[in-house]
Amino acid sequence: MFGFKVINQYEQGIVFRFGKMQPAARQPGLTWVNPFTDRLRKVNMQIIAAAVPGQEGITRDNVTVRVDAVVYYRVVDPVKAIINVQDYTYAVSQVAQTSLRSVIGQSDLDQLLSERAKVNAHLKEVIDAPTEGPWGVRVERVEVKDISLPESMKRSMSRQAEAERERRARIISADGEYQASKKLAQAATVMSADPAALQLRLLQTVVEVAAEKNSTLVMPVPVELLRFFDRAARAPAPAAAAAPADEGQDNHRLPTAPARPALTDGPAGTDRELVAP
């Protein structure tokens, strides 16, 4: 009634006298305006978070998506925010919705899903261009909250991800088998040079299998017996090679005298006869 007004710290006041704006804005604190000729408009200078409703659009690669976002903005020029636009909050909301649809049409699906930072920066530039200069409203930040995909697209992406993981698993498994085969070939070369190493490896394998399965292993043919047969098979080779030389020496030997007959007693009542030994 007396014309005293209180302006909060986060606000600024614009005074209209007979419908004409006064050049000086009222600062926070207690102020007086003429209740008969002046009218005071308070402008909030805080950062305002406005949710952008979900917008459906078609991406550049012809995928239908639904995207919603949130816009953070604040008034930097209260005179422009009051004079140049009727309701700056509603105007910023409409600009954000149309800009979001435009950005969806200019982006691919992979870009929307994996490059959120670039999409947010581009969306901020698009919304801030028509608001800061003419309206005195600066867009501080824009964040894409959620991207909804059709169910068919979700199933296709799941199959693609599964196929990619299977491909990587097969490549890793094949690489492991290749490296293992190289190591086994090197181990076989070392063991072939030293038979004792092969026998120790065999005994170690027997111990490991017996300890793991808690069972008894029966080996029908001992290893040492196989080694004995191996040495026995190799031994006759030099004797067989020396046999022709002995035959050649026998051809040069002198003939031996025939054995002389020996006299043996025959049965009783018979004469003696010659019996060759």
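The values are calculated or read from the model by the stated rules, or taken from the named source; none is laboratory data. It should be emphasised that the depicted structure is a prediction, and the values quoted were computed from it without experimental measurement. Glycine also receives a Cβ, built like all others from the backbone with ideal geometry; neighbour counts cover every protein chain displayed. Just the protein is used for accessible areas: all its heavy atoms, side chains included, with ligands, DNA and RNA removed. Shrake-Rupley method; radii C 1.70, N 1.55, O 1.52, S 1.80 Å.
With respect to ILE14, determine if the residue is under 21 Å from GLU140 (Cα atoms) and either surrounded by 14 or more Cβ atoms within 10 Å (Cβ to Cβ) or touching a residue at least 24 places away in the same chain (Cβ under 8 Å) (or both). So ILE14 fails the test.
Screening ALA96 with (1) open to solvent by less than 40 Å² (accessible area, probe 1.4 Å); (2) in contact (Cβ under 8 Å) with a residue 40 or more places away in the chain; (3) within 18 Å of ILE14 (Cβ to Cβ) gives one miss only, at (3). Screening VAL209, VAL190 for residues that are in contact with a Leu (Cβ under 9 Å, 6 or more places away or on another chain) and either among the hydrophobic types (A, V, I, L, M, F, W, C) or in a helix (DSSP H, G or I) (or both) leaves exactly one candidate, VAL209. Among the residues of the stretch 123-162, just one is open to solvent by less than 80 Å² (accessible area, probe 1.4 Å), closer than 25 Å to ILE82 by Cβ, out of contact with any helix residue (DSSP H, G or I) (no Cβ under 6 Å at 6 or more places or on another chain) and in contact (Cβ under 8 Å) with a residue 60 or more places away in the chain, namely GLU140.
Residue under question is VAL103, and the condition is that it be of a type outside the set (Ser, Thr, Tyr) and either assigned to a strand (DSSP E or B) or open to solvent by 50 Å² or more (accessible area, probe 1.4 Å) (or both); does it hold? Criteria not met by VAL103. Residues of the stretch 18-41 that are in a strand (DSSP E or B), open to solvent by 100 Å² or more (accessible area, probe 1.4 Å) and not aromatic (Phe, Trp, Tyr): LYS20, LEU30, ARG39.
For the stretch 194-220, the set of residues classified as open to solvent by 80 Å² or more (accessible area, probe 1.4 Å), modelled with pLDDT of 70 or more and acidic (Asp, Glu) consists of GLU208 only. Any residue at all in the stretch 77-86 that's over 20 Å from TYR10 (Cα atoms), in a helix (DSSP H, G or I) and not hydrophobic (A, V, I, L, M, F, W, C)? No, every residue in the stretch 77-86 fails to be over 20 Å from TYR10 (Cα atoms), in a helix (DSSP H, G or I) and not hydrophobic (A, V, I, L, M, F, W, C).
Reported count of residues in the stretch 163-178, each being under 30 Å from VAL67 (Cα atoms) and open to solvent by less than 100 Å² (accessible area, probe 1.4 Å), is 2.
Among the residues examined, THR64 does not qualify as under 53 Å from the mean Cα position of the chain (by Cα), open to solvent by 20 Å² or more (accessible area, probe 1.4 Å) and within 24 Å of ARG138 (Cβ to Cβ).
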